[in-house]
Amino acid sequence: MAQSSPPSYAAVLEQCSVAPPPGKVAAFSLPLTFLDLQWLHSSPAHRLIFYQHPISTTHFKDTIIPHLKTSFSIALQYYPLLAAKLAVPSDNSTPPEFVYGDGDGVSLVFAVSDDNGRFDRLSSNHARNCNEFYPLIPTLPSVTRGMFAVKVTLFPNAGICVGIASYHVAADDSSNFGFMKAWTALSILAHKSSPLSLSDEYLPFLDRTAIEDYPKGLKTVAWNQMKHIKIINDDGDGDCVPFADVTGKARATFIVTRNDVEKLKTHVISSGTKKTSSFVVTCAYVWICLLRSQCLGPSVNRDGDDDDDDDTVYFVCAADCRARLDTPLPAKYFGNCVVPCIARAKAGRLIAAEEGLAVAAEAIGDAIKWQLQGEEGVLRGAENWMSFFATVNHERILSVSGSPRFDYYEMDFGWGKPKKTEITSIDNSGGFQVGCAKESLDIEVGVSVPATKMHLLKTLFDEGLQA
């Protein structure tokens, strides 16, 4: 189900296409790697960043808008792939390519809200109606007409929300985080000096030929499996990809403190696991809470019968493999370089009061170790990834978005650090988000669940940590 447009409380002030500075980027085409092709048919990812910056509409129009357009254009000079499009041969004889031509740009929309009281509500942690966030999210057309979009909304005398939409086929979370760091750095510089240029620490590595097509012929395997699937909204009518139908869903943020993490680790280790990480125990805890609250998947066998295949549920996280390929890539490689780590467990064992957390943590830890540390290399089992996601009931798969490694609370455009960040695409992905908490080593967990289940989920979450 999809909704054609979000409920509106923000009027558009300006909509434009921002390109790199004239003459700075030559036309180019780049092949997709096997790791890009995995994401060819994925829905857009959405992120919102809220800044408490009480300014007037006049200041926003006269100062903020031109300032952001200038710094964004220069950022695209260094990250031109975000302004490219996907070229797909009409006969599907060969895989698509990224193509950039002079003047290609990124959609940048500026809007102003007629309800500044919404800012504090939307940038809080408590449960809120998911529909309220969608006027802040930029829309994207088919990936053949654009892969990145930004919407900046002013809440007069309250704050600013920067909304980002992107197709995963162009770049993974690490790459998009690198672009955002570059854009905010240029925005800060624009207050101080001109002309603007990036220091080496922000420059991406753009050579996609550095990823080899491994002996298994993974690129050919991937393309043969997906070349007959229609590209999202590729109907040529210019319409944007519709948002997910989030009627009846609510969004909330839970905080897992450093002390909570240590207690979770202690519990897992006392059950026999030798070692675990903060990320693993946090994800394991969210997994069992979602199952126990019945926010995840169809009804499950609560007796934990190991012979019942219908009782199997899955957890998936993406692991960066830049440093783990046969020919390692620089950390600043721009593109996709993540592999799925797929954990499996019986739902009945996960919801068991005594052993559930340890079972979840062991399953996730083993999946990460199997994928990243096996003798066959980090692409172990890659020829089967797409068939897994194509055949397994998605209601039984829980995925996680974001990472504590990507600290979006450091993204300062010159307005101070963000008040709140949200990954709103978890509404559609059936997952949750994790990230750094603001100004602490705590972990934020963002969830999007049926509103009728939110109170139970929060109760289970809080009481479980206290216990």
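Some points to look at:
- Scanning region 346-396 for residues that are farther than 25 Å from R322 by Cβ, without any contact (Cβ under 8 Å) to a residue 12 or more places away in the chain and not in a helix (DSSP H, G or I) gives A353, E354.
- Selection from region 208-232 of residues that are out of contact with any Pro (no Cβ under 9 Å at 6 or more places or on another chain), assigned to a loop (DSSP other than H, G, I, E, B) and either of a type in the set (V, I, T) or modelled with pLDDT of 80 or more (or both): I211, G217, I229
- Set side by side, the residues S42, S73 differ, and just one is out of contact with any Phe, Trp or Tyr (no Cβ under 9 Å at 6 or more places or on another chain) and either under 19 Å from P138 (Cα atoms) or touching a residue at least 24 places away in the same chain (Cβ under 8 Å) (or both), which is S73.
To keep it simple, each residue is scored yes or no on (1) of a type in the set (S, T, Y); (2) surrounded by fewer than 22 Cβ atoms within 10 Å (Cβ to Cβ); (3) at pLDDT below 95.
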position	(1), (2), (3)
K24	no, yes, yes
L32	no, no, yes
T57	yes, yes, no
T94	yes, yes, yes
V99	no, yes, no
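- Test: residue in region 114-131 that is closer than 30 Å to N384 by Cβ, assigned to a helix (DSSP H, G or I) and aromatic (F, W, Y): no
- Qualifying residue in region 428-437 (condition: in contact with a Cys (Cβ under 9 Å, 6 or more places away or on another chain), closer than 24 Å to S123 by Cβ and not hydrophobic (A, V, I, L, M, F, W, C)): no
- Of residues in region 63-72 being under 13 Å from A185 (Cα atoms) and in contact with a strand residue (DSSP E or B) (Cβ under 8 Å, 6 or more places away or on another chain), the one surrounded by the fewest Cβ atoms within 10 Å (Cβ to Cβ): F72
- Against the test of being without any contact (Cβ under 8 Å) to a residue 12 or more places away in the chain, within 30 Å of F50 (Cα to Cα) and out of contact with any Pro (no Cβ under 9 Å at 6 or more places or on another chain), the options T421, T459 yield a single qualifying residue, T459.
- Test: residue in region 36-47 that is surrounded by fewer than 21 Cβ atoms within 10 Å (Cβ to Cβ), part of a helix (DSSP H, G or I) and not basic (K, R): no
The values are calculated or read from the model by the stated rules, or taken from the named source; none is laboratory data. In this text the structure is predicted, and so the values were computed from the model without any measurement. All Cβ positions, even for glycine, are placed from backbone atoms using ideal geometry, and neighbour counts span all protein chains on display.
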